[in-house]
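The values are calculated or read from the model by the stated rules, or taken from the named source; none is laboratory data. Predicted, not measured: the structure shown is a model, and the values here were computed from it. Cβ: placed from backbone, ideal geometry, glycine included. Neighbour counts: every protein chain shown.
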């Protein structure tokens, strides 16, 4: 693309505050951009900034023709209206796919969202590249966040899985999960899914990234998943580790969404 | 509202072609409006009309301040782009709730759609008024249409049911359905759900309206549901009949959405 059009894709990040996790994620995303030859810009705002400051940062990136994707690093501080801010991201730069129009088009048959949310897109990519059949299979999604659980269940349905969504109000999550051919754990509860929750041969995608204290690690903590890997790996036919599983694929999908957006912008096919 | 503001709610219908079912539904909706004191207007277009003609009809109703809800009677003839037309209905008059923003806001946590699609809204209303607990219960939705199956599954999730969606790619729909406390049948397949598909005591909502030939009936056909009523009624603890079950409640919800929209327009609480 650079050779043909003289342009490279551009990704803008907006980060509010100095949350340790957010910093780590942003660093990874910026590093990945550099490695892939994608230009990146970042706007960092103080923890106590106003909504207008965030919307102004958004406006700048909306008007910047060298930016093809904008990402607001979540979670935002409590005093900011996350819904209002995400709704303000222009559709054609919404590489996170969190705008309600994108989500509605993902949910509805015969519609095409401009962008698929990165983590669910990455999970489907992992399944397909690993030769896991999705169509007609029973899938259980544990958790129903707007960022992962919800779009994951919608995307699995698009691929013709029979999807059940398990959440905090589920009395027997273990029993329901044990029927699944494909399990996506995205509840944010460390080691929630034990070996006994799985049907032998199930395929397990662990989206959990839960920090637990560990003084022996560089930042004083390490990440563990929603799945008890040691137990689950003995029952599952395939399983993603944490860290190093779904996480890097999510970042790769963000780059892919940005590239696709740039191609659209430059009419480059 | 009429006494306080001097205004009544107004509903506009756009009907393309002369499909027998569509005519029946439209007649019922117009009759219900009259009964409830809601003003109604109808724009009928020929089967072979252009997309622009439909969009023009929409524009007129968008500009008409006496109209608070606009409904495009579905299905539209094949040559018209249903997605494009439904996307053109202004959000604040989208009483059918079929716009992707409405659907996205229905799907996402912490968001509120302006309107809930009428059939799913009616089904929830039936459950609540009948004292059926939804939270924590297993619900199976059979079918995944944009009009019923999809919003139904999203709305049941909002009420904290554990939802599974069964569709044409499901190898064992009977087995999955048999685990459900609440079954919503919206597949458009006459008598699909037999008594053996149901857990004893399950609550069954039959959204199917399938015409079958019957020369003894006024129009030469009668409507039957997706559920084999005779068998199912012996197993279920509660079941809606077809006709006369979900259908009239759907029409009532359309009137309610129109009323809510008018209240919003006139700032009347």
Of all residues in segment B:169-187 being more than 20 Å from residue B:123 (Cα to Cα) and touching a helix residue (DSSP H, G or I) at 6+ places or on another chain (Cβ under 8 Å), the one that is surrounded by the fewest Cβ atoms within 10 Å (Cβ to Cβ): B:174
Going by the structure shown, is residue A:171 within 9 Å of chain B (Cβ to nearest Cβ) and at pLDDT below 95? yes
Just to check your reading of the model, which residue among B:182, B:176 is within 14 Å of residue B:137 (Cβ to Cβ) and either more than 17 Å from the chain's Cα centre (by Cα) or away from chain A (no Cβ under 14 Å) (or both)? B:182
Those helices (runs of 4 or more DSSP H) completely within segment A:86-162 that have 2 or more residues that are touching a helix residue (DSSP H, G or I) at 6+ places or on another chain (Cβ under 6 Å) and more than 9 Å from every other protein chain (Cβ to nearest Cβ) are A:118-129, A:149-158
Filtering segment B:148-166 down to residues that are farther than 23 Å from residue A:173 by Cβ and either in contact with a strand residue (DSSP E or B) (Cβ under 9 Å, 6 or more places away or on another chain) or modelled with pLDDT under 95 (or both) yields B:148, B:149, B:150
Which residue, of B:13, B:30, B:76, B:55, is touching a strand residue (DSSP E or B) at 6+ places or on another chain (Cβ under 8 Å) and either at positive phi or free of Cβ contacts under 8 Å to residues at least 40 places away in the same chain (or both)? B:30
